[in-house]
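*Asks:* My structure is below; once you've seen it, I'll send some questions.
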Amino acid sequence: MNTIINFFFAAVRSGTPLLFGTTGEILTQKSGSLNLGVEGLMYMGAFAGFFVAYKTGNLLLALLGAFLFGVLGALVYAFLTVTLQANQNVTGLALTIFGTGVAQMLGFWMIQSNDGLKPIVNDSMMRQISDSGIPYLRDIPVIGKMFFSYNVLVYLALIIAVLVWFYLNKTRAGLNVCAVGENPAAADASGLAINRIKYVNIMIGGGICGLGGAYISLINGIGNWDNNCVSGQGWISVALVIFAAWNPAKAILGSLLFGAFTALQIRAADFAAEFSFLSFMTKIPSAVYQMLPFVITAVILIISSIRQKKEGNQPAACGINYYREER
Amino acid sequence: MKKRESIIHISKRPPLSNWKMATYYGLAILCAVLISSLFVILTGTDIVKFYQFVIDGSFKSDLSMRGLVRNILPLLITSLGVAVAFKMKFWNIGAEGQLIMGAVGATFVAFTFPNLPHGLLILLMALAGILAGGIWGLLVAFFNCKFGTNETLLTLMLNYVALYIVQWLRDGPWRDPAAKGFQKIPSLPKNAWLDQVGGIDITWIIALGLVVLLFVYFKYTKQGYEISVVGDSKGTAHYAGMNVNGIVMRTVFISAAICGLAGMLHVSGDATTHQLTMGVANGVGFTAIIVAWLAKLNPFGVLVVSFFFGLLEKSSGAIESGLHLSKAFTDVYQGIILFVILGFDFFIRYRVSLRLGSKKKNKELKGEAEQ
C-alpha cells in the first residue's frame, strides 16, 4: 500500500511542472498560436524564479518573477507572430533556443558570482517550498498523503488549470478566445479584437509556462540551481497538450499519467519488491518509460486524425497567422 | 457597426526585385548584428575582444579550422534536408529524429557487417542512414496524406522517440561490455570510418555536392517545380493533374533521407569518437530549421548561414574560457539575430504607411461611402 501511495505522490510531483506548461500552451493554442517555445519559456521562468527566490527568500516574489519572465518571452513571440506575421514554428523554435540560452547564460553568471559553487536558496525559502501540505487534512490516513501533503505550487497548478478550463469553457471572454483560434476571420467579422485577444492569451500562457519553470528549478531541484534543469520537460508539455485534447481539465489527469512514467523510472524496483507479479517492471529499460509519453501522444495524434473528430482536435486556425486582407 | 480607423495602415507589397530584397536583407543582418552586439556590451564584455575571440576560436590553427568545418557540416546537410520539405510548406520539425535514425541505421550496418570491404561497407551504411532517416519522415508524410495528421506535432513527437531508441540501444542491445562502469555504445570499427580528403573526412565533398545538387533540383527539374506548386497550393497542383500525395511523400522522404545521411556521416566521419551517443544530434535538427529559414530555403544561402552559425558554436568554448561569458551566450546571440530577421521579414512582405495627416480625407471618404 505504501508503495502505491508513495508512487502516486511522486507522480504528482513530477507531473506538476508539465501541468503548468500544458495549461499555458493550451491557452496559447486555443487563441490560434502554436508556440513551440515552451521549453525556452520554462527555462526563463526557471531562472527568474530561482534567482528571485535566491536573492529575496520570498516565494511570492519568486513566482511573480517567473511569471513575468514567461510573459516577456511570450511577448516577443506575440509581437513577431501576431503583429509582424512571422512564421510561428520558426519563431517558437527561436524562442526555445533564446530562452534556454538566456537562462543558461544567467545561470552561469550566477554560479560564477557564487565563487563557482551551485547557488542554493536559504532555509526559510526551503521551508516555503517544502511539501508541507494542508494542516489537519494531511494527517488523514492514505488520503492525506495522496492529496493534502504537497507543496504550495502543486495546488497552484491545479487551481490555474481549473481556472483556465472555466475561462475557456464557461466565460464569454474564453469562448471568444476559442472563436479566434478556430476561425479568426469570422471572429473578426463579428467584431472581436483579434490581435488583442491573441496577445493577452499568448502572454498569460507564457507566464504560466514560466511558473512551471520555477517549479522545476525550485522544487525538482530542491533549491539548487542546475543549468540544464528543464531538460525537455517543455517538449513533454507540448505533447501533453495533444494528449489532453486541448482541455486543461484533462491535462490534470494527463500530467498525472506522464508524471507517473517519470516516477516509474525510479520506483519500478519498489513495485517489483512489493508485488512479485510486477517483477517484470525492473526488466523494462528506463528508456521505454521516457519514450512512452511521446509514443502515446503520436498514436493519439494519428488516431484522432483517422477518426476525424471535430472535438479534441487542434484549434483549426492554430499555427496559421491571421492577416485581415487575406480572409 | 463602427470601427476605429487605425493610424498605421498595412498592406501587402508586390514581390520585391532581387536587388531591393538583397538591400533589405543586408539591412536586417546589419541591424541584427548591431542589436546582438549591444547585448554583448550589456553583459559587460569588451565587444572588440568578443569578435576577436569569435575569429580566433575558429581560425587560430589548422586544428581549430578543422574543428570549425566539422561543426558546420552536420548543420549544413541537415539544413539542406529541412529546406526540401519547407519548400513544400511541409513543416518537418523532425530533422533531429531523422538524423538520429540515420545514425542508428548506419551504426547497425557497421556492427552487423564489420568485415565487408571498406568501400562497400561505407556505401551500405550511407544507404542504411538514408533509408532509416527517410522512413522516419515518410511515416509522418503517409499519415499526413492519408488522414491529414498534423505533421508539425507528429514529427516533433518522433524526435524524442528516436532519442530514446538510442538510449535503449545504449543501455541494452548495443551496450559496450568493455565499459563496465557506465553505459555507452562502442565506437564503430575502423573499417566503418569515412576516408579523409584534405585533412577532413569526405563529408565536406558530399555536403558541397548536395548544395549544388539541390540548387539544380529546386530550380531546373520537374520535381523541383512540383514541390513549389504543391507548396503554393495543393488545390492548384491537383487541378493541374499532379499526384499531390505522391509528391508530398516523395519530397518528405528526400528531406528526411538527407537528414538521415547527415546522421550517418556524423557517426562515421566524426574524427574523435566515431560513436553513436545520445547527443549525436544535439539540437542540430532544430538549429537546422532556423538556418534553412534564414537562408530563405536557398541551398547557397544555407551554406552561408550555417557557416556563421558554425563559427559561433565553434568559438563558444573559447569565449567561455577567455571572456568568462557562458557558452550559452552564442544561443542568445543566435536567438536575437533570428528574432530581428524574422521581424524584418515583415517589412519585405508588407508596406506600412502612416495615415496621420489624412484623417480629414478619411472622413470625407467615409461620408461619401455613407451617402
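The values are calculated or read from the model by the stated rules, or taken from the named source; none is laboratory data. What you see is a predicted model, and the numbers here were worked out from it, not measured in a lab. Every residue, glycine among them, receives a Cβ derived from its backbone with ideal geometry; neighbour counts consider all protein chains shown.
*Asks:* Looking only at the range A:88-110, count every residue that is at the interface with chain B (Cβ under 8 Å from one of its Cβ atoms), in contact with a Phe, Trp or Tyr (Cβ under 8 Å, 6 or more places away or on another chain) and farther than 18 Å from A:Glu39 by Cα and tell me the total.
*Replies:* 0
*Asks:* Hey, another quick one. Considering only residues that are of a type in the set (Gly, Ala, Ser) and closer than 21 Å to A:Gln88 by Cβ, which ones fall in the range B:271-324? Spell out the reasoning first.
*Replies:* Here is the first cut: in the range B:271-324, the ones of a type in the set (Gly, Ala, Ser) are B:271, B:279, B:281, B:283, B:285, B:288, B:292, B:295, B:301, B:306, B:310, B:315-318, B:321-322.
Across the range B:271-324, the qualifying residues are B:Gly283, B:Gly285, B:Ala288, B:Ala292, B:Ala295.
*Asks:* Hey, among B:Phe53, B:Phe39, which residue is touching a Ser or Thr at 6+ places or on another chain (Cβ under 8 Å) and either among the aromatic types (Phe, Trp, Tyr) or in a helix (DSSP H, G or I) (or both)?
*Replies:* On the way: B:Phe39 fails: touching a Ser or Thr at 6+ places or on another chain (Cβ under 8 Å).
Of B:Phe53, B:Phe39, the one residue that is touching a Ser or Thr at 6+ places or on another chain (Cβ under 8 Å) and either among the aromatic types (Phe, Trp, Tyr) or in a helix (DSSP H, G or I) (or both) is B:Phe53.
*Asks:* Continuing with the same structure: I'd like the residue in the range B:97-151 that is buried (at least 24 other Cβ atoms within 10 Å of the Cβ) and polar (S, T, N, Q) and, out of all such residues, is farthest from A:Ala239 (Cα to Cα).
*Replies:* Result: B:Thr107.
*Asks:* Further question on the same structure: Looking at the range A:47-72, which of the residues that are in a helix (DSSP H, G or I) and not hydrophobic (A, V, I, L, M, F, W, C) is surrounded by the most Cβ atoms within 10 Å (Cβ to Cβ)?
*Replies:* Within the range A:47-72, the first condition is being in a helix (DSSP H, G or I), and the residues that meet it are A:47-56, A:59-72.
Still in the list and also not hydrophobic (A, V, I, L, M, F, W, C): A:49, A:54-56, A:65, A:70.
Details: A:Gly49: 32, A:Tyr54: 20, A:Lys55: 15, A:Thr56: 15, A:Gly65: 23, A:Gly70: 36.
Out of the qualifying residues, it is A:Gly70.
*Asks:* I'm told A:Thr83 meets every condition in (1) in contact with a helix residue (DSSP H, G or I) (Cβ under 9 Å, 6 or more places away or on another chain); (2) within 14 Å of another protein chain (Cβ to nearest Cβ); (3) over 30 Å from B:Arg351 (Cα atoms) except one. Can you identify the failing condition by its number?
*Replies:* (3)
*Asks:* Hey, can you tell me all the residues within the range B:124-165 that are of a type outside the set (A, V, I, L, M, F, W, C), within 7 Å of another protein chain (Cβ to nearest Cβ) and under 16 Å from B:Val82 (Cβ atoms)?
*Replies:* Of everything in the range B:124-165, just one residue is of a type outside the set (A, V, I, L, M, F, W, C), within 7 Å of another protein chain (Cβ to nearest Cβ) and under 16 Å from B:Val82 (Cβ atoms), namely B:Thr152.
*Asks:* Taking the options A:Gly174, A:Gly133, name whichever one is on the phi > 0 side of the Ramachandran plot and under 23 Å from the mean Cα position of the chain (by Cα).
*Replies:* A:Gly133
*Asks:* Quick one: is A:Ala268 touching a helix residue (DSSP H, G or I) at 6+ places or on another chain (Cβ under 7 Å), of a type in the set (A, V, I, L, M), closer than 20 Å to A:Met291 by Cα and within 14 Å of another protein chain (Cβ to nearest Cβ)?
*Replies:* Values: touching a helix residue (DSSP H, G or I) at 6+ places or on another chain (Cβ under 7 Å): yes; of a type in the set (A, V, I, L, M): yes; closer than 20 Å to A:Met291 by Cα: yes; within 14 Å of another protein chain (Cβ to nearest Cβ): yes.
Against the criterion (touching a helix residue (DSSP H, G or I) at 6+ places or on another chain (Cβ under 7 Å), of a type in the set (A, V, I, L, M), closer than 20 Å to A:Met291 by Cα and within 14 Å of another protein chain (Cβ to nearest Cβ)), A:Ala268 qualifies.
*Asks:* Does the range A:212-225 contain at least one residue that is within 14 Å of chain B (Cβ to nearest Cβ), of a type outside the set (Ser, Thr, Tyr) and touching a residue at least 24 places away in the same chain (Cβ under 8 Å)?
*Replies:* Quick first cut of the range A:212-225, residues within 14 Å of chain B (Cβ to nearest Cβ) only: A:225.
With of a type outside the set (Ser, Thr, Tyr) added as a condition, the list becomes A:225.
Retained after the next criterion (residues that are touching a residue at least 24 places away in the same chain (Cβ under 8 Å)): A:225.
For the range A:212-225, residues within 14 Å of chain B (Cβ to nearest Cβ), of a type outside the set (Ser, Thr, Tyr) and touching a residue at least 24 places away in the same chain (Cβ under 8 Å): present.
*Asks:* Show the residue pairs meeting these rules: Cβ distance below 6 Å; 6+ apart or different chains; first residue within the range B:266-291 and within 20 Å of B:Leu303 (Cα to Cα); second residue part of a loop (DSSP other than H, G, I, E, B) and among the hydrophobic types (A, V, I, L, M, F, W, C).
*Replies:* So the pair list comes out as B:Gly269/B:Leu194.
*Asks:* While we're looking at this one, here's another question. How do the pairs read when you match residues in the range B:10-22 that are in contact (Cβ under 8 Å) with a residue 40 or more places away in the chain and closer than 15 Å to B:Phe346 by Cβ with residues anywhere that are of a type in the set (A, V, I, L, M, F, W, C) and surrounded by fewer than 12 Cβ atoms within 10 Å (Cβ to Cβ), using Cβ under 9 Å and keeping only pairs 6 or more apart or on different chains?
*Replies:* Qualifying pairs under 9 Å: B:Ile10/B:Val352; B:Ser11/B:Val352.
*Asks:* For the range A:113-123, does any single residue satisfy the condition of being over 29 Å from B:Val340 (Cα atoms) and part of a helix (DSSP H, G or I)?
*Replies:* Yes, some residue in the range A:113-123 is over 29 Å from B:Val340 (Cα atoms) and part of a helix (DSSP H, G or I).
*Asks:* Also: Quick one: which residue in A:Ala263, A:Ala193, A:Ala249 is at pLDDT 85 or above and crowded, with 20+ Cβ neighbours inside 10 Å?
*Replies:* Answer to the check: A:Ala263.
*Asks:* What number goes with the only condition from (1) surrounded by fewer than 23 Cβ atoms within 10 Å (Cβ to Cβ); (2) under 16 Å from B:Ile289 (Cβ atoms); (3) facing chain A (nearest Cβ under 8 Å) that B:Ile341 does not pass?
*Replies:* Exception for B:Ile341: condition (3).
Let's see how each residue does on (1) over 27 Å from A:Ile300 (Cβ atoms); (2) at pLDDT 95 or above; (3) surrounded by fewer than 24 Cβ atoms within 10 Å (Cβ to Cβ):
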{"site": "A:Trp165", "(1), (2), (3)": "no, yes, yes"}
{"site": "A:Gly174", "(1), (2), (3)": "no, no, yes"}
{"site": "A:Gly232", "(1), (2), (3)": "no, no, yes"}
{"site": "A:Ser237", "(1), (2), (3)": "no, no, no"}
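*Asks:* Could you check B:Val161 against (1) surrounded by 22 or more Cβ atoms within 10 Å (Cβ to Cβ); (2) within 30 Å of B:Val230 (Cα to Cα) and say which number it fails?
*Replies:* Status for B:Val161: all satisfied but (1).
*Asks:* Among the residues of the range B:88-131, write down those that are among the acidic types (Asp, Glu) and either outside any helix (DSSP H, G or I) or in contact with a Pro (Cβ under 7 Å, 6 or more places away or on another chain) (or both). Talk me through it step by step, then tell me what you get.
*Replies:* Of all residues in the range B:88-131, those among the acidic types (Asp, Glu) come to B:96.
If the condition is that a residue be among the acidic types (Asp, Glu) and either outside any helix (DSSP H, G or I) or in contact with a Pro (Cβ under 7 Å, 6 or more places away or on another chain) (or both), then no residue fits.
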